[in-house]
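To keep things clear, I will list the structure first and then write my remarks on it.
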Amino acid sequence: ETDGLKEKDTYELVDEINLPPGTKIIPGKWVYAIKVDSNGRVVRFKARLTARGDLVDAEELDFQDVFSPVVSWPGLRIFLALTVLLDLKPLQIDVDLAYLYADLEEPIYMRPPDGAGCPAGKVWKLKKSLYGLPQSGKNWNALITRILMDDQFELKQMITDTCLFLSLI
């Protein structure tokens, strides 16, 4: 997990003492999961470092819009019905560490938990949307939408369900 954060240039180390007065430093947290196969056997152990964005009070928010769309069930049903009707091949993708690709628009400082390799007196200035931040979903959605609609992929976003994209080719 920590290697992935470094590879994606997710943060930079800054001296805590040099932060502007009143700067809120949110804590980080490890979230652990055990992945099992269909027979219930342990396949792997997973750890994810998250930001404790839930501790930021509404009055202290330094970002405005955190809305992130999700696909609707009716939209998905129509999409799948058209796929079958027109004999098309649907494509679904899963992006590892997806949020870490999206840039943050505002400065957020985080004190990583033990085991994240942060020297004493330093904190992380986040550059990328980290899991746990309220705006991370919105930032990831904006990024993937730009990518899918650029000239390379030429996908069109559905008006009725902005999480679904169509290829007109």
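For region 12-48, what are the residues that are open to solvent by less than 80 Å² (accessible area, probe 1.4 Å) and among the β-branched types (Val, Ile, Thr)?
Val14, Thr23, Ile25, Ile26, Val31
Would you check if Lys8 is within 21 Å of the chain's Cα centre (by Cα), of a type outside the set (Phe, Trp, Tyr) and within 22 Å of Pro107 (Cα to Cα)?
On the way: within 21 Å of the chain's Cα centre (by Cα): yes; of a type outside the set (Phe, Trp, Tyr): yes; within 22 Å of Pro107 (Cα to Cα): yes.
For Lys8, the condition - within 21 Å of the chain's Cα centre (by Cα), of a type outside the set (Phe, Trp, Tyr) and within 22 Å of Pro107 (Cα to Cα) - is met.
Out of curiosity, is Asp9 assigned to a loop (DSSP other than H, G, I, E, B), open to solvent by less than 100 Å² (accessible area, probe 1.4 Å) and acidic (Asp, Glu)? Break it down into steps so the answer makes sense when it comes.
Working: assigned to a loop (DSSP other than H, G, I, E, B): yes; open to solvent by less than 100 Å² (accessible area, probe 1.4 Å): yes; acidic (Asp, Glu): yes.
The answer is yes for Asp9.
Starting from residues that are farther than 22 Å from Leu148 by Cβ and touching a residue at least 12 places away in the same chain (Cβ under 8 Å), keep the ones in region 83-108 and report whichever is surrounded by the fewest Cβ atoms within 10 Å (Cβ to Cβ). Please lay out each step first, then the result.
Looking only at region 83-108, we keep the residues that are farther than 22 Å from Leu148 by Cβ, and these are 84-85, 87, 106-108.
Filter once more, keeping what is touching a residue at least 12 places away in the same chain (Cβ under 8 Å): 106-108.
On the way: Glu106: 11, Pro107: 13, Ile108: 24.
Of everything passing the filter in region 83-108, Glu106 is surrounded by the fewest Cβ atoms within 10 Å (Cβ to Cβ).
Residues Arg146, Arg111: which one is touching a Pro at 6+ places or on another chain (Cβ under 6 Å) and either open to solvent by 80 Å² or more (accessible area, probe 1.4 Å) or modelled with pLDDT of 85 or more (or both)? Even if it seems obvious, please write down each step before you answer.
Working: Arg146 fails: touching a Pro at 6+ places or on another chain (Cβ under 6 Å).
Sole residue among the options that is touching a Pro at 6+ places or on another chain (Cβ under 6 Å) and either open to solvent by 80 Å² or more (accessible area, probe 1.4 Å) or modelled with pLDDT of 85 or more (or both): Arg111.
All but one of (1) surrounded by 13 or more Cβ atoms within 10 Å (Cβ to Cβ); (2) out of contact with any Pro (no Cβ under 8 Å at 6 or more places or on another chain) hold for Asp3; which doesn't?
Asp3 satisfies all of (1) surrounded by 13 or more Cβ atoms within 10 Å (Cβ to Cβ); (2) out of contact with any Pro (no Cβ under 8 Å at 6 or more places or on another chain) except (1).
The values are calculated or read from the model by the stated rules, or taken from the named source; none is laboratory data. As the structure is a computational prediction, the values presented were derived from the model and not from experiment. As a convention, Cβ positions derive from the backbone with ideal geometry for all residues, glycine included, and neighbour counts pool all protein chains shown. Note: accessible area is taken over every heavy atom of the protein model, side chains too, but ligands, DNA and RNA are not part of it. Shrake-Rupley method; radii C 1.70, N 1.55, O 1.52, S 1.80 Å.
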